[in-house]
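One structure is given below, encoded as structure tokens.
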Amino acid sequence: MTSSRPEAVLAALAAGILGEAYDPAVPGRMLDILGRTASRRDRDQLLGLLRALDTRAGALLLTGRPAPLSGASAAAAEAVVQRWAKGLAPQRRLAAALGPLALLAAYAWPGPARDATGYPGPLGPAPDVPRRLAPLRPEGDQELTCDVVVVGSGAGGGVAAAELARAGLDVVVLEKGGYLAERDFSHQEGDAYRDLYLYAMTLTTDDLACRIVAGSALGGGTVVNYSTSFATPPAVLAEWAATSGVEAFVSGEVEAALEAVAARLGVTQDQSRPGARDRLLERGLARLGWHAGPLPRNVRGCPQDAGCGWCAFGCRTGAKQSTMVTYLEEAAAAGARLVVGADARRVLVAGGRAVGVEARTASGHRLVVRARAVVAAAGAVETPALLLRSGLGGQVGHHLRLHPGTAAMGVFDEPVRWWEGTLQARWSAQLRDRLGPYAPVFETVPVHPGLAAAALPWRSAADHRALMRRSANLSLVGVLCRDSGAGRVRVDRDGSPRVRWRLNAADEARMAEGVAAAGEVLAAAGASEVFSLHRRRLAFRPGDPAAHRAWAEATRRAGFGGGRVTLVSYHQMGSCRIGTDPSTSAVGPDHQTHELAGLYVADASLFPTASGVNPMLSVMALAHRAARLLAARLARR
Ligand SMILES: Cc1cc2nc3c(=O)[nH]c(=O)nc-3n(C[C@H](O)[C@H](O)[C@H](O)COP(=O)(O)OP(=O)(O)OC[C@H]3O[C@@H](n4cnc5c(N)ncnc54)[C@H](O)[C@@H]3O)c2cc1C
């Protein structure tokens with residue numbers, strides 16, 4: 001039974017997209033995920049189109065046939081989605097929005113689709129260990145007063161809160177996500193995206209070409225991330241100093257902060273035992289004679305076993321040194337108050353200074369926090385959104401970088417089970433020799449069925465299902481690109497973020513080289529077939545160098561922008577960048593916004609350009625510096 005017109009249309013479409021993998025629970029889940037979309041305008045527009053598809057006129061316009069879609073057979077709905085994928089821009093948008101949604105809803109939870117992949121689901125129950133934090137969840141309207149209010153509790157906010165509290169300041173941390181500790185990590189993929197990820201993973205660039213993935217919970221991205229812990233490379237620090245005019249990048253100050261945070265997190269290369277995915281990456285690289293290195297990780301006592309692959313849904317052993325189990329515990333011990341379910345809507349201003357934050361609580365109430373200073377650390381999408389909602393302009397929201405990632409996929413005779421094993425253990429910077437500092441690097445990522453289903457190109461229900469049934473034998477070489485082009489964060493009428501970002505020609509060319517080389521690595525590792533994530537099927541069988549060359553050329557010609565290939569961003573940066581010049585930066589060298597005194601930024605928004613390596617430690621180091629400068633300033637007043 002379906003309960004609404006949009007749900008009935010979603011049911012028909014899901015049956016078309018999934019075929020035999022269809023499960024009646026899928027349309028309801030699709031609606032639930034849709035309800036978590038950041039922008040009300042986008043959500044309402046899509047729901048409006050779904051309603052229109054259930055009218056004769058709307059169906060005629062959107063499908064070419066005057067038959068309400070809810071009555072369509074699975075085969076007819078499948079044909080509609082196939083036509084949309086090759087149709088005009090609005091139709092391609094529908095396919096790009098609804099295809100991954102149906103696939104995620106089917107594969108990220110138990111059911112016939114997921115069961116057929118051989119995926120075991122969560123490995124047992126969560127441990128029965130006590131929660132170590134007791135965050136506030138205000139009921140009713142409330143007002144708090146403190147020295148510093150920190151918005152966001154991730155890599156930046158967590159470090160800033162601890163350093164400020166340690167300096168004796170009264171700190172309140174506002175986190176819009178919830179608090180989930182080891183005992184709460186169900187490891188059910190779909191539930192994890194809903195409970196631990198920003199907008200339940202629905203955020204994309206405005207052209208739907210690149211999915212934007214970020215954490216949203218107490219601890220932010222550090223709770224779900226893959227634990228790779230690179231210091232900012234010296235060449236990047238030099239570039240940042242030159243771009244921003246901020247001496248601290250090369251004076252040793254940021255380097256000292258990097259060392260301090262790495263020491264606190266126990267960053268080590270001794271707990272990077274590769275799982276099957278990374279062993280294949282390493283094998284392919286070794287056979288080609290290419291660079292391969294162990295990844296430094298922020299873990300203490302990591303089991304590095306099969307179960308580690310679920311750590312992207314929260315680490316049950318507490319080995320991953322997220323801010324939740326490090327800096328936020330220290331902040332709380334030093335008296336900081338942590339508030340969860342508190343969505344900061346605007347910065348309060350009086351006498352030309354930031355004097356606090358107004359937030360909306362999970363129960364829909366108003367929370368006002370009055371403070372001597374405000375630290376924005378809501379991540380590189382939400383920090384500019386908060387500042388724009390608060391009336392700031394200038395360079396706020398400009399210069400956004402995404403580190404767009406794609407991959408080459410390999411089919412192997414032996415099972416790989418790409419969902420299991422140490423989160424990330426090996427990488428390669430081989431292409432830097434040829435392409436310079438903006439070369440893509442290679443890393444793998446844990447791939448659970450929901451993510452796989454949404455990322456693998458859909459051409460027909462049967463084709464996609466067949467691919468998913470082979471997914472235990474797939475592996476990937478991820479191609480993580482350092483983007484030189486910039487996007488922009490704006491806010492919608494309802495204050496939600498909108499992200500405009502396009503792949504520029506130089507980045508696209510480097511991505512093409514990266515994918516070509518990643519295909520070579522998989523071939524050398526022993527894959528029987530290699531393919532890209534293009535909407536069109538582009539594959540080759542290793543053995544004949546000419547086949548690889550033809551494939552590489554075909555992927556280059558097919559292009560990587562505008563939704564032609566699956567792109568995912570795990571690293572958003574640069575949207576309130578630091579610098580001495582207000583015409584090219586949003587935040588001054590002391591981390592205070594150029595426009596509003598008392599408002600500081602301490603997260604990935606600060607980066608002058610993309611970090612080129614996984615950004616967590618760079619974020620933490622800058623937050624460390626921001627907090628030290630702010631604490632010293634408040635102590636003097
Ligand atoms: C799946 C995944 C894997 C990753 N793997 C790695 C890795 O291995 N190594 C690495 O270096 N980096 C990795 N990253 C990236 C890294 O985690 C981020 O770059 C880093 O966490 C960014 O820090 P931040 O402080 O800017 O934002 P975040 O850590 O994202 O924290 C921002 C917090 O602010 C909260 N917030 C947002 N808006 C508001 C609001 N209005 N009010 C209150 N709170 C708000 C959010 O809920 C969130 O908790 C990964 C990211 C993801 C998503």
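Read-outs throughout are calculated quantities, based only on the coordinates presented, and are distinct from any laboratory measurement. Predicted model, so just to flag it, every value in this text is computed and none were measured. Heads up, the Cβs are rebuilt from the backbone with ideal geometry, glycines too, and the neighbour counts pull from every protein chain shown.
On C-alpha positions alone, give me the angle between the axis of helix 276-288 and the longest principal axis of the chain, in degrees, nearest 10.
80 degrees
Need the C-alpha centroid separation for segment 91-132 versus segment 455-514, integer Å.
19 Å
Quick one, can you get me the convex hull of the C-alpha atoms of the chain expressed as volume per residue in Å³?
Per residue, the Cα convex hull of the chain comes to 143 Å³.
Taking all pairs of distinct Cα atoms, average 1/r, flip it, and tell me the Kirkwood hydrodynamic radius of segment 173-220 in Å to one decimal place.
Here the Kirkwood hydrodynamic radius works out to 11.5 Å.
Please give the FRET efficiency for Asp206 paired with Arg65, using the beta carbon to beta carbon distance and R0 = 25 Å, rounded to the nearest 0.05.
After rounding, the FRET efficiency stands at 0.30.
Using 0.36 nm per residue of separation minus the Cα-Cα distance, give me the extension gain between Gln269 and Val250 in nm, one decimal.
Gain on stretching Gln269 to Val250: 4.3 nm.
Return the ratio Rg/(2.2 N^0.38 Å) for segment 18-82, where Rg is computed over Cα atoms only.
1.19
In nanometres, what is the gap between the two model label sites at Leu634 and Ala242, each 7 Å from Cα along Cα-to-Cβ?
Computed distance between label sites Leu634 and Ala242 equals 3.7 nm.
What do you get for the angle between helix 545-558 and the principal long axis of the chain? Use alpha-carbon atoms, 0 to 90 degrees, nearest ten.
Its long axis makes an angle of about 70 degrees.
Helix 155-166 against the longest principal axis of the chain: what's the angle in degrees, Cα atoms only, rounded to the nearest 10?
20 degrees
What's the FRET efficiency of Arg556 with Ser484 using the Cβ-Cβ distance as r and R₀ = 22 Å, to the nearest 0.05?
0.75
At a Förster radius of 41 Å, what calculated FRET efficiency corresponds to the Cβ-Cβ distance of Ala505 and Ala462, to the nearest 0.05?
According to the calculation, E is roughly 0.65.
Taking square-rooted eigenvalues a ≥ b ≥ c of the alpha carbon gyration tensor, is segment 57-125 rounded, prolate or oblate, where a/c under 1.5 means rounded and, failing that, a/b exceeding b/c means prolate?
Prolate, because a/c is 1.5 or more and a/b exceeds b/c.
Which residues does a label at Glu329 reach in segment 256-275, if reach means a backbone N under 14 Å from a point 7 Å past the Cα toward the Cβ?
Of the residues in segment 256-275, 264-266 have backbone N under 14 Å from the label point off Glu329.
Quick check: residue separation of Asp494 and Ala134 times 0.36 nm, minus the Cα distance between them. What number comes out in nm?
Gain in length upon complete extension: 126.5 nm.
Measuring from label point to label point, each 7 Å out along Cα→Cβ, what is the Glu20 to Ala57 span in nm?
Result: 4.2 nm between the two label points.
So if each residue of separation counts as 0.36 nm, and I subtract the Cα-Cα distance between Arg83 and Arg470, what length gain in nm does that give?
136.7 nm
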